[in-house]
Amino acid sequence: MINILTIDVEDYFHVLGLSSVIKKSEWEDCPQRVYGNTLRLLDILEASGVKATFYVLGWVAERRPELVDEMLRRGHEIASHGYSHAPIYEQTREEFHADLVRSKEILEGISGCKVIGYRAPSFSITERTLWALDVLIEEGFEYDSSIYPIRYDRYGISSAERFPHLIHRGKRSIWEFPPSTLRFLGRNLPVAGGGYFRLYPYRITAGFIRRMNRKGYPVLVYLHPWEIDPAQPRFKPRFRDRFRHYVNLSKTEGKLIRLLKEFRFAGISHFIKCMGGGSLR
């Protein structure tokens, strides 16, 4: 079974949980660490022979176009993470459209390749922003990975489909690749990405992936470059956000290396080519 690996290319100061202590007007003055951290991730993937989908923030690509070139040189897929890292539920439809197009144009201008994949900042396609799927389809995107099938304070649609599938919007459709969850006591529990990957012991994550693979389902794992950087600058937002951002940063790289040795991974376009339509369920 081949699983799915995705990387959200953003810097530590872009994270919503730190927005109370780092304003957007201060981003340019923050020490930028995304370049070195992403190169480190690329080296880890290359050593394991793994290709992934990289959701690149337009803000980052605009300032470090050579990073996009390096991802492509190493055979990875480039997708969009928007431009400004603003949650969709804080934007109007017009603002979201402008942000999306700006990111797409930057990435395609650097890569020379059509960008067909998107992931919203903070998984912010929720029940009240499903209209964003229509905008994605209008702009030629073929897949999305923004709908988290959980109940959470900032994002999620708890009733959403848990596995890769086509979402139909009128006469048009778009692939949806939700982050993976474990069904437990009637609830969907996130276990395979970001802070959840850092929080849980490795054996929990590995056991979940093995269980899902035995059932015939691929698991979608997601990470950020700043999550392998325990030396990043430290800030003091409210305790909940501080815990979410900094928990177990020193363990992420080791867990990732173990994961890549134990399981097989590929990017999202690989799955779309293999599935050819329909659903994995």
remark   = Relative contact order in percent for the chain (Cα pairs under 8 Å, 6+ apart) equals 24 percent
task = Distance between Cα centroids, the stretch 116-167 to the stretch 33-57: provide it in whole Å.
result = 24 Å
ask   = Toward the positive end of the charge dipole of the chain, about the Cα centre and with charges on Cβ (Lys, Arg +1; Asp, Glu -1), which of L259, C274, L5 goes farthest?
value = L259
task = Sort the following peptides by mean Cβ neighbour count (other Cβ atoms within 10 Å, averaged over residues), highest first: 235-244, 7-16.
result = 7-16, 235-244
query = What label, among (1) 41, 22, 21; (2) 34, 21, 17; (3) 24, 23, 20, belongs to semi-axes √(5λ) of the Cα gyration tensor in Å computed from the structure on display?
reply = (3)
request  = Quick one: among K251, K114, K215, which has the greatest mean-square fluctuation in a GNM of the chain with alpha-carbon springs under 10 angstrom?
outcome  = K215
Ranked by how many other beta carbons lie within 10 Å on average, peptides 224-234, 116-126 from highest = 116-126, 224-234
query = Which value, in Å³ per residue, describes the convex hull spanned by the Cα atoms of the stretch 1-158?
reply = 123 Å³
inquiry  = With +1 assigned to the C-beta of every Lys and Arg and -1 to the C-beta of every Asp and Glu, and no other charges, what is the dipole magnitude of the chain about the Cα centre in debye, to the nearest 20?
reply    = 1580 debye
key: Distance-filtered residues of the stretch 231-255 - backbone nitrogen under 15 Å, label point 7 angstrom along V21 Cα→Cβ   = 231-249
task = Return the subset of K23/K236; K24/K255; K114/K261; K51/K255 for which the Cα-Cα distance in this structure is over 21 Å, preserving the input order.
result = K24/K255; K114/K261
message = Could you order the peptides 17-28, 172-183 from most to least packed, using the average number of other C-beta atoms within 10 Å per residue?
response = 172-183, 17-28
query = Simple spin-label model, 7 Å along Cα-to-Cβ: R187 to S158 in nm?
reply = 0.8 nm
query = Dipole of the stretch 210-271, Cα-centred, from +1 at each Lys and Arg C-beta and -1 at each Asp and Glu C-beta, to the nearest 20 debye?
reply = 380 debye
message = Please give the charge dipole size of the stretch 146-275, origin at the Cα centre, charges +1 on K and R Cβ atoms and -1 on D and E Cβ atoms. Round to the nearest 20 debye.
response = 300 debye
ask   = How big is the equivalent ellipsoid of the stretch 166-265 along its three axes, where each semi-axis is √(5λ) from the Cα gyration tensor, reported in whole Å from largest to smallest?
value = 27, 19, 14
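Quick note: the coordinates plus some simple rules give every number you see, no bench work behind them. Computed from a predicted model, the values in this text were never measured in an experiment. Cβ sites come from the backbone with ideal geometry, for glycine too, and all protein chains shown count toward neighbours.
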